[in-house]
Amino acid sequence: MQVPIFTPVRQYLNLKEEIDKAIQKVLNAGNFILGEEVREFESKVAEYLGVKHAIGVASGTDALQIALMAIDLKPGDEVITTPFTFVATAETIALLGGKPIYVDIDEKTYNINPDLIEEKITEKTKAIIPVHLYGQSAEMDKIMDIARRYNLYVIEDSAQALGAEYKNRKVCTFGDIACISFFPTKNLGAFGDAGMIVTNNDELAEKIKMIRVHGSKIRYKHEILGVNSRLDTLQASILLVKLKYLDRWNERRAEIAKKYNDAFQNLDGIITPYCEPYNKHIYHQYTIRTEQRDALAQFLKERGIQTAVHYPIPLHLQKAFSYFGYKPGDFPVAEQCSKEVLSLPMFPELTDEEVDYVVKSVNEFFKINKD
Ligand SMILES: *Cc1c(COP(=O)(O)O)cnc(C)c1O
């Protein structure tokens, strides 16, 4: 049996009629840039999250960059974040001349360790970017408390966590700004790149809307430096169809995660995802930890099961960021996790038979490899 870690095709085929119709409507209307579907999707996401403003942009990465431009990040400014995330989180800080100041992660949740944040704050600190990794919220009470005391912006990197909750409140609603990605693999995935920025702050919203169209409100009148980063009408039309199913899909992910958790509970040598009791985890990834990571990945590959490592190199050790001068050993928990984490197949359209096959195969590996 072949089990992919992810495929968008099954979801498309399930919704083919609805999606084809939506695409055809945009093709017929020809309003490809900031068309009606973009506004409609923005208002549906705002409603879903309970926020005032949702602004569609071209990708999750652009969402982060524009958010940092909106808070006026200047060369030399410092932004506190996690080294255990996708590159975009720190790349956008660095592109604007800022410095990512990393804080090691919590060993259980893989999210930024809030107890280590305060000691990293300097007079140059401008913002904190917590990442809700794998679909589980970061420790928002503690993070917001620190941000308030030191007057720092908080930008939530919610790329992996649309629909996740912290203490019965949706992520994206805690920080000054939140950034969402609709990259095809994300829980709400477009048919290409797409992203969104949400905020309750009117002033920031106004600025973000200008930045996404070259810093202008009126065509050819440019008040601030901006970029070209709009959410395609075509992508918005597809996402409008899919948004209705997001909660159902997230529930199915949680159901699959529970199957995996129950099945691996008594296996020695494997750590299943830990979820804080007050968190609603949406399992963007189902990521386990084991010292035999590479051998397990190889074993599963030979049985047709795809896996992935999120992420094999923590950001402070990436070559692109070497000029910041971080060294191995600076963030030991993130470094250890990068050697031991493994993501198993996880998407709502996985069949029970496929999940059972993954479970059986993982069990087999640990039976053979017991010391
Ligand atoms: C996917 C992702 C991004 C970037 O989103 P794109 O839409 O791919 O640009 C940023 N941060 C995290 C944590 C992500 O997982």
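Reported count of residues in segment 75-89, each being part of a loop (DSSP other than H, G, I, E, B), surrounded by fewer than 24 Cβ atoms within 10 Å (Cβ to Cβ) and more than 9 Å from the ligand (Cβ to nearest atom), is 3.
Of all residues in segment 15-31, none are within 25 Å of Ile128 (Cβ to Cβ) and part of a helix (DSSP H, G or I).
Close contacts from segment 269-282, counting a first residue that is over 9 Å from Gln136 (Cα atoms) and a second that is basic (Lys, Arg) and outside any loop (DSSP other than H, G, I, E, B), with Cβ to Cβ under 6 Å and a gap of 6+ residues or different chains, come to Ile271/Arg289. Counting only residues that are over 17 Å from Ala205 (Cβ atoms), in contact with a helix residue (DSSP H, G or I) (Cβ under 7 Å, 6 or more places away or on another chain) and among the charged types (D, E, K, R), segment 149-183 holds 2 of them. Screening the candidates Asp62, Asp115 for the property of being in contact with a strand residue (DSSP E or B) (Cβ under 7 Å, 6 or more places away or on another chain), part of a helix (DSSP H, G or I) and charged (D, E, K, R) yields one hit, Asp62.
For segment 189-205, what are the residues that are out of contact with any strand residue (DSSP E or B) (no Cβ under 8 Å at 6 or more places or on another chain) and more than 11 Å from the ligand (Cβ to nearest atom)? Those that are out of contact with any strand residue (DSSP E or B) (no Cβ under 8 Å at 6 or more places or on another chain) and more than 11 Å from the ligand (Cβ to nearest atom): Phe191, Glu203. Only one entry of Ile146, Ile101, Ile155 meets the criterion of being within 16 Å of the ligand (Cβ to nearest atom) and aliphatic (A, V, I, L, M), and that entry is Ile155. Here Asp72 passes the criteria (1) within 13 Å of the ligand (Cβ to nearest atom); (2) at positive phi except the one numbered (1).
Taking the condition over 19 Å from Gly60 (Cβ atoms), in a helix (DSSP H, G or I) and not assigned by TED's automatic domain parsing to the domain that holds Tyr48, does Glu251 pass?
Answer is yes for this residue.
One residue stands out among those in segment 179-188 that are closer than 20 Å to Arg253 by Cβ and not polar (S, T, N, Q): the one that is nearest to the ligand (Cβ to nearest atom), which is Phe183. A search for C-beta distances below 9 Å between a residue of segment 116-139 that is not assigned by TED's automatic domain parsing to the domain that holds Ile155 and basic (Lys, Arg) and any residue that is assigned to a strand (DSSP E or B) and away from the ligand (no atom under 16 Å from the Cβ), counting only pairs 6+ apart in sequence or on different chains, returns nothing.
The values are calculated or read from the model by the stated rules, or taken from the named source; none is laboratory data. This one's a predicted model, so the numbers in the text were calculated from it and none came from an experiment. When we count neighbours, we look across all protein chains shown, and the Cβ atoms used for this are built from the backbone with ideal geometry, even at glycine.
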